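Working notes, structure below.
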Amino acid sequence: MKPVLPAKGRCLCGEVTYTCKAPPLWTAYCHCKSCRLNTASPVTAYFGMASGSWEWTGQTPNLYDRNPGVRRYFCSSCGSPVAYEADKYPGETHFYTAALDDSSGFEPKAHVNFGEHLEWFDTQDTLKRISTTAGTD
């Protein structure tokens, strides 16, 4: 399925919004502990966007950058995480798929950091499982 463009996303309260003007570079579920802690969930779905192919359209999110080389963006009003950037992925911003108004065409194509998955959580799909980082973390 092709993504519906422009794709629009937002935080829970709607103050932080963004628009993606191009298809994602990749889509995946991430199982790393850092993402699980950031979202308080057993796994999260991300998609990667190239710099210049998206823009903030509402309030600019706050930044959590206590880990060297990693930046996590969130809404200061409702606390929703909205995006992730890392020095090891220059020119990319990773967004949470579930925050899109319409996630058609943004379905995950693989599981990354599967070596860190929670043993009790099983998605039972047939997507490729990659033990280490592949485009996200």
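Quick notes on this structure:
- Test: residue in segment 48-62 that is under 12 Å from the mean Cα position of the chain (by Cα) and closer than 22 Å to residue 1 by Cα: yes
- Residues within segment 79-134 that are part of a strand (DSSP E or B), without any contact (Cβ under 8 Å) to a residue 40 or more places away in the chain and farther than 28 Å from residue 13 by Cβ, tallied: 2
- All strands (runs of 3 or more DSSP E) inside segment 30-76 with 1 or more residues being at pLDDT 95 or above and charged (D, E, K, R): 54-56, 70-74
- Contacts under 8 angstrom Cβ, first residue in segment 18-29 being farther than 9 Å from residue 5 by Cα and in a loop (DSSP other than H, G, I, E, B), partner of a type outside the set (Lys, Arg) and modelled with pLDDT under 95, 6 or more apart: 24/3; 25/135
- You will find that of 36, 10, 71, 66, the residue that is of a type in the set (D, E, K, R) and touching a Leu at 6+ places or on another chain (Cβ under 7 Å) is 71 and no other.
- Across segment 99-130, the number of residues qualifying as within 18 Å of the chain's Cα centre (by Cα), among the small types (Gly, Ala, Ser) and surrounded by fewer than 16 Cβ atoms within 10 Å (Cβ to Cβ) comes to 1.
- Index of the failed condition, residue 129 passing every other in (1) at positive phi; (2) touching a Phe, Trp or Tyr at 6+ places or on another chain (Cβ under 7 Å); (3) of a type outside the set (Gly, Ala, Ser): (1)
- Going through (1) surrounded by 15 or more Cβ atoms within 10 Å (Cβ to Cβ); (2) over 25 Å from residue 122 (Cβ atoms) one by one, residue 96 falls short only on (2).
The values are calculated or read from the model by the stated rules, or taken from the named source; none is laboratory data. This structure is a prediction, so every number in the text was calculated from the model and none was measured. Positions of Cβ are generated from backbone atoms using ideal geometry, with glycine treated the same way; all protein chains shown enter the neighbour counts.
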